[in-house]
Structures are given as C-alpha cells and as structure tokens.
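Okay, structure first, notes after.
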C-alpha cells in the first residue's frame, strides 16, 4: 500500500459512492472474508522542488535490498510515490514496504538504517518527515511490478457512535467486494483497506487505497462506480450511518510498486 492512504474514489461524489456501497450491502455483491494481517510501513517526506530529481534517484539505491527482501519472503511488496495533487507544506514523496508481520516491516527498516545507502543526502533536505505503520485484513494484489501507475487514497473517520466492528463490516460487505471485482478484471493491480497499527491519527480513521496501472484505469473505476450507482440509486444509509464525511479527504500519487 502505499501508505498514503485514502483513497476516496476519483471523480465520484461521496454521496453517490455511499449509495453504491449501501446497495451492495443489500445483496448485490458477495461478502469478502477477512485475510491474515498485512502490515505496511510508510515514510512520508516533504522534499524541496529543486531536489525532486535527486529524490527519484535515491529510490534506486534501496531497490537491491528490497528485491532481496521479497525474494527471501521477508516482505511481500514495496514501492514509492510522488504526490500529484499538492497541499501547502504537505507530503511530496513517500516510500513503503509491506510484510505479513510487524517484525517483517521493522526488520527491513533496521536493514535500511544500517545500510550506507540509506543515509541519502537528499533526505536531509526534507522540510518535514513522518512515518506510519498500517494494518489491513482486506486486500488483494497481482504479482509483478508497476511503473508510473496511479495510487488513489481515500481517508475516512468513523462517527463516535459507530460499532466497534464498523471498519470490518464496511470492508467485508461493501468496499472489498467492489474492489475485488476491479482487481479480477485487471482495472486495478492492488487495493487495501487500512487502519493504523501504531496510532498517530484520531481513533476510527481508515483508508481505502487502490492502484491502477495507468490513468485510464482511474476512468474505468469511475465508470464501474457510475454503472453500479445507476443500478441502485437509493442507497447511502449503511455507509453514512457509520462515517463522518466531514473528515474525508483524498490523495492521488504517481507510483512505482513491486509485489511478490
């Protein structure tokens, strides 16, 4: 996952999206089962514009280490992202890796910190930096690499009175069935529904993330959403009853990623 997680759906209004998911809750899509925990470590950076080319070059220095970690089974994916829709003093770049255990992501972090290449001078130019560790139990990826793909992240926050299993309920019955279909037909290469494994955001935050190989994939997602919404225009209750839409925001990135 890229960690930036989330990922509202591009070009589709939140109300319309809620209608779609609520329609699925009424039985239009099969339930997706919970998977073993997937952990993702994300390092976010705000790099001065004049150093962006240097930042891109710096990713190559860690590729050998990451490829070995995948080959050894220590991690199941890694990548980097460049923000496309910028915010004042916001993140410009990130790098991430995923493993099937907390130990997996932390052991790779330890290797990076000990390696000479990890002390890239471009990182010392960052005007801000933060790290996050996410966990997901609803996800799917296709093996292989993506070059210059697009990652969309939609961030949401549960309402104070939402059930304790709200993210599970929304993921299993509403979000994951739609995204599984889009992975199966090749529109998406990866998706995940993330919550924080180490909490640095407000409680109840969750992120919907998906990766398309090209920009046309984003349009295909929008078309699939539009079609599904037309078939069931009266939904909305299931999602809006649990989610505080006033706290919603999105990220859009250009992404390189490799999955086992």
What percent does the relative contact order of region 154-260 come to when contacts are Cα pairs within less than 8 Å and at least six residues apart? 44
Given the convex hull of the Cα atoms of region 14-259, what is a quarter of its surface area in nm²? 13.0
Kirkwood hydrodynamic radius (C-alpha pairs) into Stokes-Einstein, region 126-255, 37 °C and 0.692 mPa s, D in µm²/s: 208
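Every read-out reported here was derived from the displayed coordinates using simple, explicitly stated rules and does not represent laboratory data. From a predicted model like this one, the values you see are computed outputs, not experimental measurements.
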